[in-house]
Amino acid sequence: MDNTFDVVVIGGGQSGLAMGYYLRRTGLSYVILDNQKQPGGAWPHTWRSLRLFSPAQWSALPGMLLTGGGSEYPARNAVVEYLANYESKYNLQVRRPVSVTDVSKEGEVFKIETAQGTYFAKTVVNATGSFSNPFIPKIEGQDLFKGRVLHSAQYRSPVEFANERVAVVGEGNSGAQILAEVSLTTETLWITQKEPRFLPDHIDGRYLFDAATQMYEAQKAGVSYKAPSLGDIVMVDSVKDAKIRNVLTSRRPFERFTENSIVWSDGQEEKIDVVIFCTGFNPALKHLSSFHIGADDKRPATEGTRSKTIEGLWFVGYGNWTGFASATLIGVGRSAKTTVEEIVQYISGIGKDKS
Ligand code: FAD
């Protein structure tokens, strides 16, 4: 198998596929390396009841509508199916499972080491998302705690926690939704850094995505636009129900763990069996440590999606720092398109005298 390409894309989730969509039209040779056995990136690993908060019509990659089985807010399985169909419809060149372990550069050629052999490329696009790099804050005594500690990335469904006392940590949408679901089956506590902020009930995903689009258009036109705070908790049905059941009350963070409990700042102990941290993610960049990128979970320096420190390297799909809303299904297409334009220009200049 020839493993030399113009472009190697690392990661075959929605961001890698959006790259493939635009790359396939350029005539450049490319491959997408993904360490999963099945298509869908992070989506198959999210919790079972998860539904998109973005409406189906606001959740499509370039070129192909997401119908979501007719549901306005498609279930995660509908997204997995959509991404699998997307890959085959456009005959995208994905190899899996191929796990990239290291990337280095010799002259103008990238060397991409994988568990399944070495690849070479003129350019590399990192589209590895962040789901495989969950963030859990360091808390004193955690190694003493005999209960279970997990991150929302490992949470699947509430059935495994029946009859346990569960603390959910985090004031974002994941924290609120997991709390809402777990509190239906067992006793819960909600622990947040600050008082959680809820959007009014009528502000649904459709409203938010409209607002985000208007904000983007306003930014481009250089005018001001006052949007609702997009980081606040969306009142999806399960969270509305939890509000009615009065389980959305939260306490500020505990200070340390003991063997069987957590200890509040006033010294009071609270017996607990399970702690679910819904405390976010960092970009999955460990395989770029040869470039001193990723090891400390710091964001790499970029201009748009292009690395400022390593020529020929791009980052796609990580959030606003790699393009407006680029960590969403609808937003990543725009970012991928401009990245491919930059790559075409970069490759056409390789070997030419730059003086
Ligand atoms: P991923 O889906 O994580 O894909 C990256 C791929 O790269 C994975 O297959 C990964 O295994 C692979 N990979 C990683 N490291 C390597 C390596 N070293 N070698 C090879 N392969 C590697 N967005 C919306 O638009 N609407 C929503 O409603 C919405 N809801 C969300 C709800 C939750 C709970 C979460 C967590 C996210 C949600 N998002 C939503 C955001 C976003 O769409 C997802 O996070 C999306 O999965 C990001 O896609 P990605 O391709 O960038 O990353």
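The values are calculated or read from the model by the stated rules, or taken from the named source; none is laboratory data. Keep in mind the model is a prediction, meaning the values are calculated, not measured. Virtual Cβ from ideal backbone geometry, glycine too; neighbours counted across all protein chains shown.
Across the range 111-138, the qualifying residues are those that are over 20 Å from residue 339 (Cα atoms) and either under 22 Å from the mean Cα position of the chain (by Cα) or not assigned by the TED database to the domain that holds residue 19 (or both), and the one among them that is farthest from the ligand (Cβ to nearest atom) is 138. The residues in the range 43-57 that are within 23 Å of residue 336 (Cα to Cα), near the ligand (Cβ under 10 Å from one of its atoms) and either acidic (Asp, Glu) or surrounded by fewer than 21 Cβ atoms within 10 Å (Cβ to Cβ) (or both) can be counted, and the count is 2. Which residue out of 314, 321 is in contact with a strand residue (DSSP E or B) (Cβ under 7 Å, 6 or more places away or on another chain), buried (at least 21 other Cβ atoms within 10 Å of the Cβ) and in the same structural domain as residue 42 (by the TED database)? Going through 314, 321 in turn, the sole match is 314.
Please determine whether any residue of the range 280-292 is more than 16 Å from the ligand (Cβ to nearest atom), outside the structural domain of residue 178 (by the TED database) and more than 27 Å from residue 172 (Cα to Cα). Steps first, please.
Narrowing the range 280-292 to residues more than 16 Å from the ligand (Cβ to nearest atom): 292.
Of the ones still in play, those that are also outside the structural domain of residue 178 (by the TED database) are 292.
Cutting the leftovers down to more than 27 Å from residue 172 (Cα to Cα) gives us 292.
For the range 280-292, residues more than 16 Å from the ligand (Cβ to nearest atom), outside the structural domain of residue 178 (by the TED database) and more than 27 Å from residue 172 (Cα to Cα): present.
Which of the residues spanning the range 1-27 are assigned to a loop (DSSP other than H, G, I, E, B) and not small (Gly, Ala, Ser)? Listed by number, the residues that qualify are 1, 2, 3, 24, 25, 26.
Only one of the numbered conditions (1) closer than 30 Å to residue 277 by Cβ; (2) within 22 Å of the chain's Cα centre (by Cα); (3) outside the structural domain of residue 169 (by the TED database) is violated by residue 210, and that is (1). Would you mention how many residues in the range 7-19 are more than 9 Å from the ligand (Cβ to nearest atom) and farther than 19 Å from residue 288 by Cα? Number of matching residues: 1. The requirement of being more than 23 Å from residue 57 (Cβ to Cβ), of a type in the set (Phe, Trp, Tyr) and buried (at least 16 other Cβ atoms within 10 Å of the Cβ) is fulfilled nowhere in the range 204-220; no residue meets it.
Out of the residues in the range 99-110 meeting the condition of being over 14 Å from residue 30 (Cβ atoms) and buried (at least 16 other Cβ atoms within 10 Å of the Cβ), tell me which one is farthest from the ligand (Cβ to nearest atom).
Taking the range 99-110 first, the residues over 14 Å from residue 30 (Cβ atoms) are 99-109.
If we keep only those that are buried (at least 16 other Cβ atoms within 10 Å of the Cβ) as well, we get 100, 103, 105.
On the way: 100: 4, 103: 9, 105: 17 Å.
For the range 99-110, the residue satisfying everything is 105.
Do we have any residue at all in the range 180-192 that's among the charged types (D, E, K, R), closer than 30 Å to residue 148 by Cα, in a loop (DSSP other than H, G, I, E, B) and without any contact (Cβ under 8 Å) to a residue 40 or more places away in the chain? Don't jump to the end; show me each part of the working.
Filtering the range 180-192 down to residues among the charged types (D, E, K, R) leaves 181, 187.
Next, only the ones that are closer than 30 Å to residue 148 by Cα stay: 181, 187.
Still in the running and in a loop (DSSP other than H, G, I, E, B): 187.
Narrowing further to those that are without any contact (Cβ under 8 Å) to a residue 40 or more places away in the chain: 187.
Scanning the range 180-192, I find at least one residue that is among the charged types (D, E, K, R), closer than 30 Å to residue 148 by Cα, in a loop (DSSP other than H, G, I, E, B) and without any contact (Cβ under 8 Å) to a residue 40 or more places away in the chain, so the answer is yes.
Any residue in the range 245-255 that is free of Cβ contacts under 8 Å to residues at least 12 places away in the same chain and either in contact with a helix residue (DSSP H, G or I) (Cβ under 8 Å, 6 or more places away or on another chain) or over 25 Å from residue 154 (Cα atoms) (or both)?
First pass over the range 245-255, keeping only residues free of Cβ contacts under 8 Å to residues at least 12 places away in the same chain: 246.
Of the ones still in play, those that are also either in contact with a helix residue (DSSP H, G or I) (Cβ under 8 Å, 6 or more places away or on another chain) or over 25 Å from residue 154 (Cα atoms) (or both) are 246.
Checking the range 245-255: at least one residue is free of Cβ contacts under 8 Å to residues at least 12 places away in the same chain and either in contact with a helix residue (DSSP H, G or I) (Cβ under 8 Å, 6 or more places away or on another chain) or over 25 Å from residue 154 (Cα atoms) (or both).
Can you spot a residue in the range 48-60 that is farther than 28 Å from residue 134 by Cβ and polar (S, T, N, Q)? Yes, the range 48-60 has at least one match.
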